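The values are calculated or read from the model by the stated rules, or taken from the named source; none is laboratory data. Predicted model, so just to flag it, every value in this text is computed and none were measured. Here Cβ is always computed from backbone atoms with ideal geometry, including for glycine, and neighbour counts include all displayed protein chains.
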Amino acid sequence: MAPRRILSIWLAAFAIDRWRLTEGCARGQGADAQPLVLITETAHGPRIAATNNAARASGARIGTMLADARTLCPSIQAVPGDPAGDLDMLEKLAVWARRWGPWSALDPCDGLLVDVTAVAHLFGGETKLLADVHRAFDTRGFAIRAAIAPTAGAAWALTHYGPDRSILAPDHDMEARLSDLPVAALRLDDDVLTVLRRLGLKRLGELGTVGRDALHRRFRNRKSPAANPLVRMDQLLGRVPEPLLPVVPQHVPLVQRRLMEPIRHRTLLDTVLGDLAADMVRELEGAGQGARRLDLGLWRVDGEVVMRTLELAAATRDAGHIVRLFGEKLGDIDAGFGIELVRLRASWAEPLPANQADIEAAAERHGTSLSAFVDRLTIRLGSKAVRRPVLKGSHLPERSQAWRPPLDPESPSQDELRFHARPLKLLDRAEKIAVLYATPDGLPQRFRWRGDVHEIARVEGPERIAPEWWRERGTARLRDYYRIEDDAGRRYWIYRYGIAGDGRGGAPEWFLQGLCA
Amino acid sequence: MIHDAFDTAADLTTATHAQRWAPGLGAVAQSEIFASSREGSGVGAALALALDAWRCRPREEGEEAEDRRAVVWVQTRAAVKAGGRPFRAGLPPEIRNRLIHVLAEKDEDALFALEEAVRCRDVAFVIGEVVGSPRALDFTASRRLTLAAEKHGVPLTLVRLDGTRDLSSARQRWAVNAAPSARPKWNRAAPGAPAWQAELFRARSHPPGTWRLSEDGGRLLATPLPVRGEDTQAGSRSDLAGVGEGRSILSDAAAPSPSFASSFGASVAILSADGERVLG
């Protein structure tokens, strides 16, 4: 296996370069010739986020307040920075940088990491590869520094603090080569750097002189790599792996129809929707995906936009199903003077391998699938209407089950105890009943529920369920559950709330909570 | 007219048509169960009957040994208010982890959900619960449900809480009340396994009758009870009378044609043992 090679690219003046490109002026020309800074607004006023060469020459530094910089150079220009736009551009550059390797990762906020393991020979060696990187970024107007090393940490350190275009070969002694770099090359937080400076550790080589145990003890509470120099050092030397998150370009399937004549009628809209759904299915099929969420946008002539969103219980690629579900949602659309553009977008898609289509109209004979059934009910009745009971960790009956979407995987749970006989149905709210019983804790003999008196013929209980003291108030009382059958054979589940003399209220009350089969 | 009625009844007493209902005969497309909303016996009996039919269904070639398909339970909001929601710990163990509960705000939505459910191939059986006799559940809607269930082979049991026995195309119609349970083996004072008194008052291929249904170790037991107003030795006659009741859908309605109703009443009067109408 070829040794690991990581290419690190540092866009040294990324924010200024991007501003210059949007302004359309060359480096040091036009607006860039004057001192100019990019600022961010903070609680204490504007602070400098990036400077151009002229501003740096006149004394402006990154991180100082704009007011302080203005005292040094009154003619300084201030432009608001755009960190979100920078990150967006960096993502695009990361995808673009995959021309040099199979995957690339972001190194916020101004760097890229590309895996160039075993690909350098395609460019004629690593030196030529670095030259190609420089040429390509120069053409796009970005000033960069780049380096290749066996680990991402070493490549990053060399890019930021080593000589430009440095290459650390796999057979080099990494520790010796990197020992002259400052400790800031370890990608540490500012407060950790301050600690190291106060300890007198300025170079990477000096970290080894202190002794590993001493450093480990000093930073034993710091778990995050950016706060622990030992972890960073190990990552730099490749002793521990450093996972990187590659950038994967996402393709959102989108189909649209620009209509020559604005449409105002539902039948025409249904036709267009059918065409769009067929296009979308073809698009999804090519990508091997199925839609989970679909956004339908209707652009009206008078500038209004109507959006309808559809969520599906399982990934689907069935045009008829999509059309039927959207059909339920298009009933109340106000077309106004007409709709001129219809767009369908699958904003959430999941992998769905191609499978054999139903042959010989099997669907007609066998009926719909469960996910299609759930989708149709959800569209008409709402997402809260179709659910299934799952167990929840509680002994209180009304809290012991939760309602989840029907196709969600069920989480593992402990089985119910077999000797607990539970009712088939539970009332949403336990209903208060009047009970004749021998106080304080005798068996119930007769009760009145919804206006009828029931003579209790058989009874089993009590089953005592204590209140959940960690959750409920201190005045919550215990419950004694009884399973009863009246003289007509009707079976119920009732409980006495509290017990006489428990000091948590007056006489106990009785409730009917469940109906047994 | 009277002569015709006798002939048809005689035809139907042959073994193919007048077989008495018994557990294990398999599912029918749609059955209705009338019960009071003040007890859980309606759904209890519905689940027991549906599970019994599901266990005894004929196996197709190449079918999986274990049927893991979902069970759909549709309730209207009124039914939830009257009788509560399913409680997982109290459900029969076979369906505990494959129950899908549908809560419909209106009766129309419940009918829609029921029809979608019986058209779904991944559903083992469907239980519906509606309160009273809603306007939406007329004969057309009932027939529509029956045809859909028949076409796709998914049995539907509709529980009608506090309903009146109006016109319906259900293949079996039951009226269910709670019955005193058998005494458990260990604690004689405790309620035992659930039992119901179930009256089959209209069925397409069975004579009516009354049974005491109970569940025992995952099996449905049915003990025939004497029909109200007659003794057991008149059982065969009650069969004959019941067939006439059972095959005429119209007899459930409020007498659409006077001549028909009178002939029907006459036939029953002749057949009953002690001179009064047996059923109806």
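May I ask you to list the residues in the range B:151-168 that are modelled with pLDDT of 90 or more and surrounded by 19 or more Cβ atoms within 10 Å (Cβ to Cβ)?
Selection gives B:VAL154, B:PRO155, B:LEU156, B:THR157, B:LEU158, B:VAL159, B:ARG160, B:LEU161, B:GLY163, B:SER168.
Within the group B:ALA79, B:ALA113, which residue is facing chain A (nearest Cβ under 7 Å) and either out of contact with any strand residue (DSSP E or B) (no Cβ under 9 Å at 6 or more places or on another chain) or crowded, with 21+ Cβ neighbours inside 10 Å (or both)? Lay out the reasoning, then the answer.
Values: B:ALA79 fails: facing chain A (nearest Cβ under 7 Å).
Going through B:ALA79, B:ALA113 in turn, the sole match is B:ALA113.
Taking into account only those residues within the range B:182-219 that are more than 22 Å from B:GLU94 (Cα to Cα), aliphatic (A, V, I, L, M) and facing chain A (nearest Cβ under 9 Å), which is surrounded by the fewest Cβ atoms within 10 Å (Cβ to Cβ)?
The selected residue is B:ALA189.
Identify the residue in the range A:337-386 that is closer than 17 Å to A:PHE326 by Cβ and in a loop (DSSP other than H, G, I, E, B) and, among all such residues, is modelled with the highest pLDDT.
Checked the range A:337-386; the qualifying residue modelled with the highest pLDDT is A:GLY382.
I'd like to check something: does the range A:471-485 contain any residue that is of a type in the set (A, V, I, L, M), more than 9 Å from chain B (Cβ to nearest Cβ) and loosely packed, with under 13 Cβ neighbours inside 10 Å?
Taking the range A:471-485 first, the residues of a type in the set (A, V, I, L, M) are A:476, A:478, A:484.
Restricting the remaining residues to those that are more than 9 Å from chain B (Cβ to nearest Cβ) gives A:476, A:478.
So of that shortlist, the ones also loosely packed, with under 13 Cβ neighbours inside 10 Å come out as none.
The answer is no; no qualifying residue exists.
Looking at the structure I just gave you, is A:ALA176 of a type in the set (Gly, Ala, Ser) and closer than 30 Å to A:ARG20 by Cα?
Considered against the rule, which asks whether it is of a type in the set (Gly, Ala, Ser) and closer than 30 Å to A:ARG20 by Cα, A:ALA176 comes out as no.
Give the range B:95-110 a look and list any residue that's more than 9 Å from every other protein chain (Cβ to nearest Cβ) and closer than 21 Å to A:ASP408 by Cβ, or say none.
Result: B:ILE95, single match.
Mind checking which residues of the range A:154-173 are part of a helix (DSSP H, G or I) and farther than 30 Å from A:LEU21 by Cα? Spell out the reasoning first.
Residues of the range A:154-173 part of a helix (DSSP H, G or I): A:154-161.
The answer is A:ALA154, and nothing else.
Can you name the number of the only condition in (1) part of a loop (DSSP other than H, G, I, E, B); (2) within 14 Å of chain B (Cβ to nearest Cβ); (3) surrounded by 18 or more Cβ atoms within 10 Å (Cβ to Cβ) that A:PRO467 fails?
(2)
Please work out if A:GLY338 is more than 31 Å from the chain's Cα centre (by Cα) and surrounded by fewer than 15 Cβ atoms within 10 Å (Cβ to Cβ). Outline the logic, then answer.
On the way: more than 31 Å from the chain's Cα centre (by Cα): yes; surrounded by fewer than 15 Cβ atoms within 10 Å (Cβ to Cβ): no.
No, not satisfied.
Count, please, the residues in the range A:74-102 that happen to be surrounded by fewer than 16 Cβ atoms within 10 Å (Cβ to Cβ) and assigned to a loop (DSSP other than H, G, I, E, B).
Residues meeting the conditions: 3.
If you take the residues in the range A:390-448 that are polar (S, T, N, Q) and touching a helix residue (DSSP H, G or I) at 6+ places or on another chain (Cβ under 9 Å), which one is nearest to the other protein chains (Cβ to nearest Cβ)?
Let us first name the residues in the range A:390-448 that are polar (S, T, N, Q), namely A:394, A:400-401, A:411, A:413-414, A:439, A:445.
Subset that is touching a helix residue (DSSP H, G or I) at 6+ places or on another chain (Cβ under 9 Å): A:400-401.
Working: A:SER400: 7, A:GLN401: 5 Å.
Filtering the range A:390-448 for residues that are polar (S, T, N, Q) and touching a helix residue (DSSP H, G or I) at 6+ places or on another chain (Cβ under 9 Å), the one nearest to the other protein chains (Cβ to nearest Cβ) comes out as A:GLN401.
Filter the range A:500-517 for residues that are assigned to a loop (DSSP other than H, G, I, E, B) and crowded, with 19+ Cβ neighbours inside 10 Å; which is farthest from the other protein chains (Cβ to nearest Cβ)?
Start the filter on the range A:500-517 by keeping residues that are assigned to a loop (DSSP other than H, G, I, E, B), which leaves A:500-508, A:516-517.
Remaining after also requiring crowded, with 19+ Cβ neighbours inside 10 Å: A:508, A:516-517.
On the way: A:PRO508: 22, A:CYS516: 5, A:ALA517: 3 Å.
Among them, the one singled out is A:PRO508.
For the range B:169-181, which residues satisfy the criterion of being crowded, with 19+ Cβ neighbours inside 10 Å and facing another protein chain (nearest Cβ under 8 Å)?
B:ALA178, B:ALA179, B:PRO180, B:SER181
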